[in-house]
Amino acid sequence: MIKVLIADDQAMVRQGFGALLGAQPDLVVVGDAANGADAVGAARRLDPDVVLMDVRMPVLDGIAATRQLLDGRSRDEPPRVLILTTFDLDDYVYEALRAGASGFLLKDAPAADLVNAVRVVAAGDGLLSPSVTRRLIAEFATRPGQHRPRPVSLASLTDRETEVLRLIARGRSNSEIAADLVVAEQTVKTHVGRILSKLGVRDRAQAVVVAYESGLVTAGE
């Protein structure tokens, strides 16, 4: 079972998402919160696998809450944070990814997309909302603070792993990468796992951040 915590300042949103997710056989909603501070406290008590985090909440916004959850937790495996936003390419989304969020989803996405998003983020595949993912990546790459010193860990990647990372950073799925490289999808999954391990990141979303902020990949390539 995938344990989910819902953080949103609108009661109707919390209730609606809770009813939808709770009806799934593999998902269980362990709690909810109306602001970021309560979300942090609830996550530490309830130990969810995924936190649905609204970005605009009182007391503590979703970005600050994400930082606290992912930087200040003592457990070995912190929850994955799925950012919920009303706006396509909201500035908050970029900050949330830098804070360690695993992905984002527009609040007006179809119900099936929300359910799938929780499952995908829980599995570590990150960067949701397919309709805007590629534009998000391209825009993210042009924002201030890019081209930071390249992590030493990038040098540990093999040529093929570097190639796979570049394709991940361009928004390609495992099946698309497999087709591009003419290899089995399972081979791609193995490469992705090794990339995440070598870079010391939790999921694909964070690998994308490393790829762009290090200059390994640039917008428009």
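What full-extension length gain, to one decimal in nm, is calculated for R166 and A19 as 0.36 nm per residue of separation minus the Cα-Cα distance?
My answer for the length gained is 49.1 nm.
Using a Förster distance of 41 angstrom, determine the FRET efficiency expected from the C-beta separation of V30 and E176, and round it to 0.05.
Computed FRET efficiency for V30 and E176: 0.75.
Please give the charge dipole size of region 181-221, origin at the Cα centre, charges +1 on K and R Cβ atoms and -1 on D and E Cβ atoms. Round to the nearest 20 debye.
For region 181-221, the charge dipole is close to 200 debye.
When the Cα atoms of region 1-112 are enclosed in a convex hull and the volume is divided per residue, what value in Å³ results?
Taking the convex hull of the Cα positions in region 1-112, it is 90 Å³ per residue.
Largest first, how would T218, T66 line up by accessible area (1.4 Å probe)?
T218, T66
With the crude spin-label approximation of a point 7 Å out along Cα→Cβ, what separation in nm comes out for Q186 versus D71?
Placing both labels 7 Å along Cα→Cβ, they lie 4.1 nm apart.
Measure off 7 Å from each Cα along the Cα-to-Cβ vector at A11 and K107, then give the distance between these two points in nanometres to one decimal.
Going by the 7 Å Cα→Cβ label model, 1.6 nm.
With the Cα gyration tensor of region 179-221 giving a ≥ b ≥ c as the square roots of its eigenvalues, does the rule (a/c under 1.5 for rounded; else a/b larger than b/c for prolate; else oblate) give rounded, prolate or oblate?
oblate
The values are calculated or read from the model by the stated rules, or taken from the named source; none is laboratory data. Note that this is a predicted model, so its numbers are computed, not measured. Using ideal geometry, Cβ is built from the backbone for each residue, glycine included, and neighbour counts are taken over all protein chains shown. The accessibility values were calculated without ligands, DNA or RNA, using every heavy atom of the protein model including side chains. Shrake-Rupley method; radii C 1.70, N 1.55, O 1.52, S 1.80 Å.
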